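The values are calculated or read from the model by the stated rules, or taken from the named source; none is laboratory data. All values reported here derive from a predicted model rather than from experimental measurement. Here Cβ is always computed from backbone atoms with ideal geometry, including for glycine, and neighbour counts include all displayed protein chains. Heavy atoms of the whole protein, side chains included, go into the accessibility calculation; ligands, DNA and RNA do not. Shrake-Rupley method; radii C 1.70, N 1.55, O 1.52, S 1.80 Å.
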Amino acid sequence: MQFNVVFITTALLASASLAMSATVTLFAGAGCTGANEGSFSVPSGECLTLGSGSVKSISYSGVPSEIEFFISGGGHDSCTNGPSAVFGGGSGCSTAPAGVNWESLAVF
């Protein structure tokens, strides 16, 4: 009986974690067009950083509450020093401002 309770609890926590994550897809072009640079699942409360890479636009879905986008270059790398764009829960596409790319994002 104890094994069943632990297994069920673990399964429920895993399901809740999946429900509290967003799926993001990276694109080389503006407006979520151009080459697909990869897709990732980002749990709520986490920062996805592209390290030395960056992309022009990112589509997102399943955002629980909010998603924040951070530009590439120095002070904003790795979800620091304030986002350049913030959107509410749900789905959409975010294109980086002219002259810069997205380097990281945070999901809440």
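For the residue pair PHE108 and THR49, what label-to-label distance in nm results when each label sits 7 Å from Cα along the Cα-to-beta-carbon direction?
It is 1.9 nm.
So with the 1.4 Å probe, I'd like the accessible area per residue for the stretch 17-71, rounded to whole Å².
46
Over the alpha-carbon set of the stretch 29-73, work out the extent along each principal axis and list the three values in angstrom, largest first.
Taking the Cα atoms of the stretch 29-73, the three principal extents are 27, 22, 15 Å.
Say each of PHE87 and ALA35 gets a label point 7 Å from the Cα, pointing the same way as Cα to Cβ; how far apart are those two points in nm?
2.3
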